[in-house]
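Presented below is the structure to which this report refers.
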Amino acid sequence: MELDKRHIVLGVTGGIAAYKAAELVRELQRAGATVQVVMTRAATHFVTPVTFQALSSRPVFVDQWDERVANNMAHIELSRAADAILIAPASADFIGKLANGLADDLLGTLCVARECPLLVAPAMNRQMWTNPAVQRNAAQLRADGVTLFGPDSGDQACGETGPGRMLEPAAIVEELVAFFAPPLLAGRRVVITAGPTYEPIDPVRGITNRSSGKMGFALARACRHAGAEVQLVAGPTALDTPAGVTRIDVQTAREMCAAVLAACAGHCDLFIAVAAVADWQVTNASARKIKKDEVGTTPELAFAENPDILQTVAALPGAPYCVGFAAESEDLARNGESKRRRKGVPLLVANIGHETFGRDDNELLLIDEQGIKPIGRASKDELARVLVAEIAGRLGKPAAGDTP
Ligand code: C5P
């Protein structure tokens, strides 16, 4: 899991978003982290320490003078093993305290005495967040090397709408995963296709390919975590857009091709074609629904070949590094290599096994001019991380003037 072996000290301060910190503990644990909760006195007015103790299976600390810590140095002991201190929610008051290095309670002292990174997820009403003093304090934190997650904009507990909302727990975990991920694609621009395409026969019928889009979406997420700017051109899927990724929804192969070429225009370092693109489009598609009784006989469909998006991008002048995917049913290595050459791409990723559609795991074979490298069965998220590292190694360092 992405936060395996990570130990996080979660600081909860006094704001209504403290109720979301309970869910955040669960999300952090689901991602593999262990969590030690430390609360300010004000936070205990919103949620009790018992809630966090039950969720984290660890005693919760509030008081600087807690006698449970043998050497009475909770401010040192608690963060000693931590990979990061995460303050969520961070109130305006606590941000002010951090910006000034104040240490008048346990959580404040922990932050001042820390050796690990400090991550802060602000949560407050929009007037408080836009207050110049709070903005000044937030800017001071950034200048001090503290990372701010959010805040988001939207509905607020006070009934207003605007900036200051704490990021949702899942989004905070995404930020945390990205924070810890090696920045292998920092400054790179990446375009990815994912999912199936849909070729209409009439307004209610069409031809599509079997593809859940999970591998392409996992790759978009992993590239983002590695620091890339990611544009994801997606055929019809029900998947959520990974945080920080720009998504362009398309239906047909021609739309996908146009969207990819537009996304690659300007500058693109890496193109990963994961989409299961329909090979043919229906040239005699009907603008209105074909009625079964009107046709009399079975309708005849006429087809034309769709553009090969991968091959088109690989042939562009100054083409990005191109990665193709292949779902071969037999003689994977030989067919994969001939497909790689035919498409004119340096790297082809072949799916091993036939039943990979819609599953959360897979097994891959990397085929490049050096030969073949298997990647054993793993979750699509894990495979995406491995692939990003493999691709980043092949991309090498950005040339001078390459990064935007
Ligand atoms: O030829 P085949 O469909 O097996 O090739 C698969 C690879 O080519 C995948 O990377 C797929 O996304 C890409 N492709 C494409 N445009 C097409 C057909 C396939 O980009 N029209």
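Taking the alpha-carbon centroid of each part, what is the distance from the range 287-357 to the range 139-188 in angstrom?
38 Å
List the residues, sorted by chain then number, that are 5 or more residues from ALA228 or on another chain and whose placed amide H is less than 5 Å from its amide H.
When sequence neighbours closer than 5 places are left aside, the close amide H contacts are LEU185.
Sequence gap of 8 or more, or different chains, plus Cα separation below 27 Å: how many lysine pairs satisfy both in the chain?
Lysine pairs meeting the criterion: 15.
Based on Cβ point charges of +1 for Lys and Arg and -1 for Asp and Glu, what charge dipole magnitude is obtained for the range 7-180 about its Cα centre, in debye rounded to the nearest 20?
Values: 13 positive and 18 negative charges, 8 e Å.
Dipole magnitude for the range 7-180 comes out near 40 debye.
Name the residue farthest towards the positive end of the dipole of the chain from the options GLY324, ILE367, LEU395, assuming +1 on Cβ of Lys and Arg, -1 on Cβ of Asp and Glu, about the Cα centre.
Highest projection toward the positive end goes to LEU395.
Projecting each Cα onto the charge dipole of the range 271-344 (Lys/Arg +1, Asp/Glu -1 at the beta carbon, about the Cα centre), which of GLN311, SER338, THR297 comes out farthest on the positive side?
Highest projection toward the positive end goes to GLN311.
What percent antiparallel are the DSSP beta bridges of the chain, to the nearest 5?
35 percent
Counting only the heavy atoms of the protein chains, how much of ASP368 is accessible to a 1.4 Å probe, in Å² to the nearest 10?
We get 20 Å² for ASP368.
Taking θ = phi - 60°, what integer Hz values does the Karplus form 6.51 cos²θ - 1.76 cosθ + 1.60 yield along the range 21-29, in sequence order, with x for Gly and Pro?
5, 5, 5, 4, 4, 4, 5, 5, 5
Got a sec to turn the phi values of the range 242-251 into Karplus ³J(HN,Hα) couplings, 6.51 cos²θ - 1.76 cosθ + 1.60 with θ = phi - 60°, whole Hz, x for Gly and Pro?
x, 4, x, 9, 8, 10, 10, 8, 9, 10
Which value, in debye to the nearest 20, gives the size of the charge dipole of the chain about its Cα centre, when Lys and Arg are +1 and Asp and Glu are -1 at the Cβ? Write down the numbers at each step before the final one.
Details: 41 positive and 47 negative charges, 62 e Å.
Using Cβ point charges on Lys, Arg, Asp and Glu, the chain gives about 300 debye.
May I ask you to evaluate 6.51 cos²θ - 1.76 cosθ + 1.60, the Karplus curve with θ = phi - 60°, for each residue of the range 361-368 and list the ³J(HN,Hα) values in order in whole Hz, giving x for glycine and proline?
For the range 361-368, the Karplus-derived couplings read 10, 6, 9, 10, 10, 8, 10, 9 Hz, x marking Gly and Pro.
Roll a 1.4 Å probe over the protein chains and send me the accessible area per residue for the range 189-395 in Å². Intermediate results must be reported in sequence, preceding the final value.
Values: 9870 Å² over 207 residues.
Accessible area per residue: 48 Å².
Count the DSSP beta bridges whose two residues both fall in the range 189-395, then state the antiparallel fraction as a percent rounded to the nearest 5.
45 percent
Arrange the peptides 202-215, 69-82 so that the one whose residues have, on average, the most other Cβ atoms within 10 Å appears first. The partial results should precede the final answer.
Numbers: 202-215: 17.7, 69-82: 15.9.
Top of the packing list down: 202-215, 69-82.
The values are calculated or read from the model by the stated rules, or taken from the named source; none is laboratory data. Quick caveat, the model's predicted, so the values are computed rather than measured. Here the Cβ is made from the backbone with ideal geometry for all residues, glycine too, and neighbour counts use every protein chain on show. Side chains are part of the model used for accessible areas, which takes the heavy atoms of the whole protein and leaves out ligands, DNA and RNA. Shrake-Rupley method; radii C 1.70, N 1.55, O 1.52, S 1.80 Å.
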